[in-house]
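*Asks:* Got a structure here, written out as structure tokens. Questions coming.
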Amino acid sequence: MDEKDRLLWTYLQNGIPLVRNPFDQLAAKTGLDVAEVFVRIQHLKREGVLTEITPVWDPRKFHYQSAWVAMRFDTPDLISKTGSFTDHPGVSYACERGDAFNLWFFIAVPVEHDLELHVRCLERMSGAEQTLFLSLRTLYKGTDLLNVLDGRTFLPTGERFDAWKEGRDPGLTPEEIEIIRGSEHFPLTDEPYKKLAGELGLTEDRVMERMKSLVQRGCLRRIGSVPASVETGTKTIVVWQIPEEKAERIGSAVARFNEVLYADQRTAYEAFPYSFYTVLRPGNGEELGETLRRIGKRIGEWPRKPLVTLREFKKSPPRYYSKELEAWWKQHHAAVETAFDHHGT
């Protein structure tokens, strides 16, 4: 990157202004013409320095429910079971990992849906032997697990899962939901809000007014890029069997290691007793072994295991309030509504 690339990169991290010609302002600030701004943005995206220019939403304001889920399939042909997951619009990531619980995925649904019913539906459709809800309990380092694993694909997700929650109205109007849906691919044009308005059947003033309201209410953080991960290579997930009473002390200690990019505590189960999750910087086996040795010397030698990702089946950014999710639920919900008590245990 040259000096102007770095300046443009910085402005795009901070977010483009909510004005009719935002890229004109970027051009003026960087000493470029508008055409060159677009050329440089595309170049930085190809080089992996920038992610897409997109609205950066705060899903916590939408009261989205989300969680990691692990399932066990006693079959060597796992690929035959993955269609149920990759077809689900709320599943943004799914992979095979080297463990008895061999299918892992991340799923998010809006407040009016019950996340557990979606997962139970997937469980029944796929024939999984056992299912684990790996709900986040305490975050010690990083933003969230999905974003740390691949910041080029996933913005921060605001992971949360409250079992048997009561419905909470996020206060969005139908028009605002349409804007959230429609602005998923933000137009790289001289007048992006005008183009977006035309696609939505609204006026440019109305779209800008609604987006400013979403900013004021904290739903929309900014429109821009997010820093792509500077880490190259495959990051290593290591899970640890840590006693509940020691989790806080150990979490704080592990977070201080530079080699640790992420650390959290999640729900543990008898079949999978690991409650502490870490993501380590890419490195060879010798470097990983040395990092684990140093961590063990600091916190004590607790049972641990690396979770090796063998295959990725789906990797796409979460989509908020998608019509496809509503259609999916309408088609498949009968698979579980008669089998699971919505308010059961």
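Read-outs throughout are calculated quantities, based only on the coordinates presented, and are distinct from any laboratory measurement. Since the structure is predicted, the reported quantities are computational estimates derived from the model, not experimental observations. Using ideal geometry, Cβ is built from the backbone for each residue, glycine included, and neighbour counts are taken over all protein chains shown.
*Asks:* Percent relative contact order of the range 1-136, based on C-alpha pairs within less than 8 angstrom and at least six residues apart?
*Replies:* Numbers: 142 pairs, mean separation 32.8, N = 136.
Normalised by residue count, the contact order of the range 1-136 is 24 percent.
*Asks:* Okay, next question. Out of every Cα pair in the chain, what percent are spaced more than 27 Å from each other? Could you put the intermediate results ahead of the total?
*Replies:* On the way: 31173 of 59340 pairs.
In whole percent, the share of Cα-Cα pairs in the chain beyond 27 Å is 53.
*Asks:* Reachable lysines from Lys4, Cα under 16 Å, same-chain residues fewer than 8 places away excluded?
*Replies:* Within the straight-line cut-off, Lys4 pairs with Lys29, Lys45.
*Asks:* Follow-up. How large is the dipole of the chain about the Cα centre if only Lys and Arg carry +1 and Asp and Glu carry -1, each at its Cβ, rounded to the nearest 20 debye?
*Replies:* On the way: 47 positive and 51 negative charges, 167 e Å.
So the dipole magnitude of the chain works out to roughly 800 debye.
*Asks:* What net charge is computed for the residues neighbouring Lys4, neighbours being all others with C-beta under 13 Å from the C-beta of Lys4, Lys and Arg scored +1, Asp and Glu -1? Kindly include the intermediate steps, with their values, before the conclusion.
*Replies:* Values: positive: Arg6, Lys29, Arg40; negative: Asp2, Glu3, Asp5, Asp33, Glu36.
Cβ neighbours under 13 Å give a net charge of -2.
*Asks:* I've got another one for you. When the Karplus curve 6.51 cos²θ - 1.76 cosθ + 1.60 is applied with θ = phi - 60°, which whole-Hz ³J(HN,Hα) does each residue of the range 115-126 get, with x for Gly and Pro?
*Replies:* Rounded to whole hertz, the list is 4, 5, 5, 4, 5, 5, 5, 4, 4, 5, 5, 8.
*Asks:* Oh, and also: Subtract the Cα-Cα distance of Glu270 and Asp77 from 0.36 nm times their separation in residues, and report this length gain in nm to one decimal. The partial results should precede the final answer.
*Replies:* Working: separation 193, 0.36 × 193 = 69.48 nm, distance 2.58 nm.
Gain in length upon complete extension: 66.9 nm.
*Asks:* As a test of understanding, state the convex hull volume per residue of the range 1-50 from its alpha carbons, in Å³. If you can, show how the numbers build up before the last one.
*Replies:* Numbers: hull volume 3.3 nm³, N = 50.
With only Cα atoms used, the range 1-50 gives 67 Å³ per residue.
*Asks:* Can you give the FRET efficiency to the nearest 0.05 for Arg152 and Glu3, using r as the Cβ-Cβ distance and R₀ = 25 Å? Kindly include the intermediate steps, with their values, before the conclusion.
*Replies:* Details: r = 24 Å, r/R0 = 0.95.
Computed FRET efficiency for Arg152 and Glu3: 0.55.
*Asks:* Which whole-number percentage describes the relative contact order of the range 1-50, with Cα contacts under 8 Å and a sequence gap of 6 or more?
*Replies:* Values: 24 pairs, mean separation 16.6, N = 50.
This gives 33 percent for the range 1-50.
*Asks:* Give me a comma-separated list of calculated 3J(HN,Hα) values for the range 294-306, in order, Karplus coefficients 6.51, -1.76, 1.60 applied at θ = phi - 60°, integers in Hz, x for any Gly or Pro.
*Replies:* In residue order, the calculated couplings are 5, 5, x, 5, 7, 9, x, 8, 9, x, 8, 7, x Hz.
*Asks:* Could you derive backbone 3J(HN,Hα) for the range 209-221 from the dihedral phi with the Karplus parameters 6.51, -1.76 and 1.60 (θ = phi - 60°), listing whole Hz in sequence and x where the residue is Gly or Pro?
*Replies:* 4, 5, 5, 5, 5, 5, 5, 4, 8, x, 6, 10, 6
*Asks:* Hey, could you get me the Stokes-Einstein D for the range 100-211, Kirkwood radius over alpha-carbon pairs, 25 °C and 0.890 mPa s, rounded to whole µm² s⁻¹? Can you show the working numbers first?
*Replies:* Details: Rh = 17.5 Å.
The diffusion coefficient I find is 141 µm²/s.
*Asks:* Want the number for Asp87 to Asp58: 0.36 nm per residue separation, take away the alpha-carbon distance, what's left?
*Replies:* On the way: separation 29, 0.36 × 29 = 10.44 nm, distance 2.46 nm.
Residue separation times 0.36 nm, minus the Cα-Cα distance, leaves 8.0 nm.
*Asks:* Under 8 Å for C-alpha pairs, at least 6 residues apart: give me the relative contact order for the chain, rounded to a whole percent. Before the final figure, lay out the partial values.
*Replies:* Details: 562 pairs, mean separation 90.0, N = 345.
That works out to 26 percent.
*Asks:* Moving to a separate point now. Taking the Cβ of Val49 as the centre, find all other residues whose Cβ is under 11 Å away and add up their charges (Lys, Arg: +1; Asp, Glu: -1). Walk me through the numbers on the way to the answer.
*Replies:* Values: positive: Arg6, Arg40, Lys45, Arg46, Arg152; negative: Asp5, Glu47.
Combined, the nearby Lys, Arg, Asp and Glu give +3.
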